[in-house]
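Asks: Mind looking over this structure? Questions follow.
The values are calculated or read from the model by the stated rules, or taken from the named source; none is laboratory data. From a predicted model like this one, the values you see are computed outputs, not experimental measurements. Positions of Cβ are backbone-derived with ideal geometry, glycine not excepted, and every protein chain shown enters the neighbour counts. Just the protein is used for accessible areas: all its heavy atoms, side chains included, with ligands, DNA and RNA removed. Shrake-Rupley method; radii C 1.70, N 1.55, O 1.52, S 1.80 Å.
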Amino acid sequence: EDQVTQSPEALRLQEGESSSLNCSYTVSGLRGLFWYRQDPGKGPEFLFTLYSAGEEKEKERLKATLTKKESFLHITAPKPEDSATYLCAVQKRGKLIFGQGTELSVKP
Amino acid sequence: DTEVTQTPKHLVMGMTNKKSLKCEQHMGHRAMYWYKQKAKKPPELMFVYSYEKLSINESVPSRFSPECPNSSLLNLHLHALQPEDSALYLCASSQDSGTQNQPQHFGDGTRLSIL
């Protein structure tokens, strides 16, 4: 069965404390892995697409990496404005299969 | 600001009302989607339109009726909803529903409350 699992469910960091979010997947015929950020009351905001194992993408303090079974979202020296829910999703036959998300809180 | 615009932002309706949610995108995308999202949960796919034709219906109850008048517009008609239908309804679009590596871009949703 196609499945996407994110960990941890929630993560609390101090400002400047780097960490990583994990997204593991069991999907046959992967057509792309996506990371989104969602703020309360807003729609998911697209961050990255990854397709090939070994691929890396960066944007400001965020870096996403992909292996054959999982993806990591590394957050370097986070700031309070990085607080949000981060969603991972894989694409298969035109559908996005989402993980449950990681709720990140960064305290000053 | 997102490039996918949804109206209204908030909607309160009774169980006997009929209302519609609207979504518009001007990115030239040919695939559009409706999702339902409950609190603390990820979005759940409801419908997919590809080139203005309904391509996926995720066994959604008939009280939800989608419509795609043209390639830029997507509507969701609501009738006789239940309290459990209260949720954030998200619209998304992508270049093509079958093309790999093409992300879906989401609007900010309509917060729907059923009394």
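Asks: Need one number: convex hull volume per residue for the protein assembly as shown, Cα atoms only, in Å³.
Replies: 120 Å³
Asks: Past the 30 Å Cα-Cα mark, which pairs from A:Lys57/B:Lys9; B:Lys19/B:Lys53; A:Lys92/B:Lys40?
Replies: Over 30 Å Cα-Cα: A:Lys57/B:Lys9.
Asks: Hey, for a label at B:Lys18 modelled as a point 7 Å past Cα toward Cβ, could you say which residues of segment B:77-94 have their backbone N under 12 Å away?
Replies: B:77-80
Asks: At a Förster radius of 22 Å, what calculated FRET efficiency corresponds to the Cβ-Cβ distance of B:Ser59 and B:Lys38, to the nearest 0.05?
Replies: The value I calculate is 0.85.
Asks: Roll a 1.4 Å probe over the protein heavy atoms and report the accessible area of A:Phe34 in Å², nearest 10.
Replies: 0 Å²
Asks: Run the lone-cysteine check on the protein assembly as shown: no other Cys C-beta under 4.7 Å from the residue's C-beta.
Replies: By the Cβ distance rule, which asks for a partner under 4.7 Å, the isolated cysteines are B:Cys68.
Asks: I've got another one for you. Report, as an integer, the average count of C-beta atoms from other chains found within 10 Å of each Cβ along A:96-102.
Replies: Counting other chains' Cβ atoms within 10 Å and averaging over A:96-102 gives 4.
Asks: A follow-up question, please. In chain A, what percentage of the DSSP-assigned beta bridges are antiparallel, given to the nearest 5? Can you show the working numbers first?
Replies: Numbers: 38 of 43 bridges.
DSSP beta bridges in chain A are roughly 90 percent antiparallel.
Asks: Follow-up question, since we're still on this one. Take the solvent-accessible surface of the protein heavy atoms, probe 1.4 Å, and return the percent of it on chain A that carbon and sulfur atoms account for.
Replies: Summing carbon and sulfur atoms, their accessible area is 46 percent of the total for chain A.
Asks: Could I ask something else about it? Enter the buried accessible area of the A/B pair, total of both sides, probe 1.4 Å, in Å² rounded to the nearest 100.
Replies: 1800 Å²
Asks: If I ignore ligands, DNA and RNA and count only protein heavy atoms, how much of A:Tyr51 is accessible to a 1.4 Å probe, in Å² to the nearest 10?
Replies: That residue has around 80 Å² of solvent-accessible surface.
Asks: Follow-up. Explain nothing, just compute: Karplus ³J(HN,Hα) = 6.51 cos²θ - 1.76 cosθ + 1.60, θ = phi - 60°, for every residue of segment A:58-64 in order, whole Hz, x for Gly and Pro.
Replies: 10, 8, 6, 8, 9, 9, 10
Asks: Mind running the shape call on chain B? Use the C-alpha gyration tensor, a ≥ b ≥ c as the square roots of the eigenvalues: rounded below 1.5 for a/c, prolate if a/b tops b/c, oblate otherwise. List each step's numbers first, then the result.
Replies: Values: a/c = 1.73, a/b = 1.62, b/c = 1.06.
Prolate, because a/c is 1.5 or more and a/b exceeds b/c.
Asks: Let me ask another. Using only the heavy atoms of the protein chains and a 1.4 Å probe, how would B:Thr7, B:Thr110 rank by accessible area, largest first?
Replies: Highest to lowest solvent-accessible surface, that is B:Thr7, B:Thr110.
Asks: Binning at 5 Å from 0, report for segment A:37-89 what percent of all alpha-carbon pair distances ends up in each bin.
Replies: All Cα pairs, binned at 5 Å, distribute as 4, 18, 28, 25, 15, 7, 1 percent.
Asks: For segment A:3-86, count the residues as N, evaluate 2.2 N^0.38 Å, and divide the Cα radius of gyration by that value, please.
Replies: Expressed relative to 2.2 N^0.38 Å, the Cα Rg reads 1.08.
Asks: Here is a follow-up. Just to make sure I understand: if all protein chains stay in place, what is the order of B:Cys68, B:Cys91 by accessible area at 1.4 Å, largest first?
Replies: The residues order as B:Cys68, B:Cys91, largest area first.
Asks: Could you sort the residues of segment B:27-56 by number and keep only those whose accessible area is reduced by 50 Å² or more in the all-protein-chain setting relative to the chain alone, 1.4 Å probe?
Replies: Listed by number, the residues meeting the 50 Å² cut-off are B:Pro42.
Asks: Which of the aspartates and glutamates could a cross-linker span from A:Lys107 if the Cα-Cα distance has to be under 20 Å and same-chain partners fewer than 8 positions apart are dropped?
Replies: Within reach: A:Glu9, A:Glu15, A:Glu17, A:Asp39, A:Glu60, A:Glu81, A:Asp82.
Asks: In whole Å, how far is the Cα centre of segment B:1-65 from that of segment B:72-106?
Replies: 3 Å
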